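The values are calculated or read from the model by the stated rules, or taken from the named source; none is laboratory data. Remember, it's a predicted structure, so these values are computed and weren't measured experimentally. Because the Cβ atoms are built from the backbone with ideal geometry, glycine has one as well, and the counts that use them run over all protein chains shown. Note: accessible area is taken over every heavy atom of the protein model, side chains too, but ligands, DNA and RNA are not part of it. Shrake-Rupley method; radii C 1.70, N 1.55, O 1.52, S 1.80 Å.
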Amino acid sequence: MPAQILKPTPENLALAAEAIRRAEVVGMPTETVYGLAGDALNSLSLARIFETKERPTFDPLIVHVGFSCKRVAELDRLGLVAASKLSPEAREVADRLIERFWPGPLTLVLPKQDLVPDLATSGLPTVAIRMPRHSVAQALIAASGTPLAAPSANRFGRISPTSAENVLEELGDRIDWILDGGHCDIGVESTVLAVTESGGLQLLRPGGVSIEELEKTAPVERTSSSKGTAPQVAPGMLASHYAPRKPMLLLSDTLERLKNVPNSLKGQKKIGLLATATPEKRARSLFQSLVGVDPRCISLSESGDLNEAARKLFQSLRALDGLDVSLIVAEPVGREEGLGYAIQDRLRRAAAPRD
Ligand code: TXA
Ligand code: MG
């Protein structure tokens, strides 16, 4: 039987929470993307998450906590974070980030305690923690009575789901329940930030909280993996990710500025165009004059709004993937500010060579 999509009524939340307590996994909405949730403190649940997603166990999971965890001391009391391993400066900077960005799309990587199973962290001495702000995610955490580990609810390496229907497409034959929380507000995953023992901040994955926003709290070091140049500096930050089934090509410049048409575009007739910086009509006509083909085109935002573009990114990639096209061509955002940086990171990985 395929998975059932459940409205988040109190009865259905209780049903999903019971499944979590039986070490089953459940599709859960968050404000970023849908997650595949299981009990973060139960190794059997964690094993099921990896198995269901076909995810390699070297790629650690994010632990989702309830509204009450407003300080590092609280995360320590729950047995998740080892506050004693952080300097007073590091604790202070983590508390300021929590105060400013939780609940919301920021994941903090902090030293872990033994209660967190090694499977959750792929054997690392640190654990990734976030407090989602979606009311259904919070209701499920409260009803389950345990923090929830939840990677994005897609099969490994594929496009992240931003609706309950997307989760059904990805994992419908492998799970029983998907809680429906509507379309995700933000549309790209959380920003992953490591807090070092001395209080430095390293960006491991760009996401829903922009670097400009973070830097109002403290300086952030961008690792080469978050720039997309090294395939794997942080675990799980693989070069190829978020990939459609169809081949995908990322142009070297926006359609307005593009000078040279890549050779691999020549001779292609059925093209899906993901316009990220250019309104649809203009994108189609520029593409037609550059390449000589009228593409099927989706523009992420007619007005160039990066929040709207992020919200529509994964569903638009999914839609183009489902069309009768042999190649998806994506336009770079052209602006690495705000959510532009996270969108550009996803496009780069979606178009990266696959093994
Ligand atoms: O928005 C999100 O973060 C979504 C929703 C469902 O909350 N979740 C998500 O999970 O994107 P996932 O598993 O697809 O990505 C988790 C990322 C991985 O890139 C992993 O490498 C990193 O977090 N991560 C987890 N634990 C880590 C750790 N201890 N050190 C460094 N990176 C870690
Ligand atoms: Mg993912």
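Summary of values
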{"read-out": "Two-site label geometry, Lys270 and Glu213: point separation in nm, points 7 Å out along Cα→Cβ", "value": "4.0 nm"}
{"read-out": "Local net charge near Leu327, Cβ-Cβ under 10 Å (Lys/Arg +1, Asp/Glu -1)", "value": "+3"}
{"read-out": "Solvent-accessible surface (1.4 angstrom probe) belonging to Ser264, in square angstrom, nearest 10", "value": "70 Å²"}
{"read-out": "Restraint check, Lys53/Lys270; Lys70/Lys112; Lys246/Lys266; Lys281/Lys312, Cα-Cα greater than 24 Å", "value": "Lys53/Lys270"}
{"read-out": "Rounded FRET efficiency, nearest 0.05, which uses the C-beta distance separating Asn263 from Ala239 and R0 of 25 Å", "value": "0.70"}
{"read-out": "For peptides 80-92, 6-18, 306-318, 269-281, sequence by mean Cβ density within 10 Å, most packed first", "value": "306-318, 269-281, 80-92, 6-18"}
{"read-out": "Segment 76-223, accessible surface, carbon-and-sulfur percent (1.4 angstrom probe)", "value": "50 percent"}
{"read-out": "Helix 10-21 axis, angle to the chain major axis (alpha carbon atoms, nearest 10°)", "value": "80 degrees"}
{"read-out": "Between 0 and 90°, nearest 10: helix 135-144 axis offset from the chain longest Cα axis", "value": "40 degrees"}
{"read-out": "Folded to 0 to 90 degrees: helix 306-322 orientation relative to the chain principal axis, Cα", "value": "70 degrees"}
{"read-out": "Accessible area in square angstrom per residue, the chain, 1.4 angstrom probe", "value": "40 Å²"}
{"read-out": "Extension gain from Arg335 to Arg155, taking 0.36 nm per residue of separation minus the Cα-Cα distance", "value": "61.8 nm"}
{"read-out": "Pairwise FRET efficiency - Ser303 versus Lys246, Cβ, R0 = 35 Å, nearest 0.05", "value": "0.80"}
{"read-out": "For the chain, share of DSSP beta bridges that run antiparallel, in % to the nearest 5", "value": "40 percent"}
{"read-out": "Aspartates and glutamates whose Cα lies under 19 Å from that of Lys259, excluding same-chain neighbours fewer than 8 positions away", "value": "Asp294, Glu331"}
